[in-house]
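As structure tokens, the structure follows; a few thoughts come after it.
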Amino acid sequence: MGFRRVKEYLAWLYFQYQIISCCEVMEPWERSMFNTILFTIVAMVVYTAYVFIPIHIRLAWEFFSRIFGCHNAVAS
């Protein structure tokens, strides 16, 4: 894929985002507020997943390793 095709594809994705989220019919200040709130929510979800999912995976690994008799649990 050339640089031009990637640029066109990203422009198409952005257009799809605007159509699906109805940003196309918003005023500029409404659009910026909507995008800011949406970006903040997505950033908080990604950060929370980054921080807490490894902890939960480790706890689940230890729990199931004790249930199935494998005593080689991950060292704390």
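Filter the stretch 1-16 for residues that are of a type outside the set (A, V, I, L, M) and open to solvent by 70 Å² or more (accessible area, probe 1.4 Å) and give the result.
F3, R4, R5, K7, E8, Y9, W12, Y14, F15
Scanning for something surrounded by fewer than 10 Cβ atoms within 10 Å (Cβ to Cβ) and either among the polar types (S, T, N, Q) or free of Cβ contacts under 8 Å to residues at least 40 places away in the same chain (or both), does the stretch 34-48 turn up at least one residue?
no
Is it the case that some residue within the stretch 64-72 is out of contact with any Cys (no Cβ under 6 Å at 6 or more places or on another chain), exposed (fewer than 10 other Cβ atoms within 10 Å of the Cβ) and assigned to a helix (DSSP H, G or I)?
Checking the stretch 64-72: at least one residue is out of contact with any Cys (no Cβ under 6 Å at 6 or more places or on another chain), exposed (fewer than 10 other Cβ atoms within 10 Å of the Cβ) and assigned to a helix (DSSP H, G or I).
The values are calculated or read from the model by the stated rules, or taken from the named source; none is laboratory data. Fair warning: this is a prediction, and the values are worked out from it, not measured in the lab. Every residue, glycine among them, receives a Cβ derived from its backbone with ideal geometry; neighbour counts consider all protein chains shown. We work out accessible area using only protein heavy atoms, side chains counted, and drop any ligands, DNA or RNA first. Shrake-Rupley method; radii C 1.70, N 1.55, O 1.52, S 1.80 Å.
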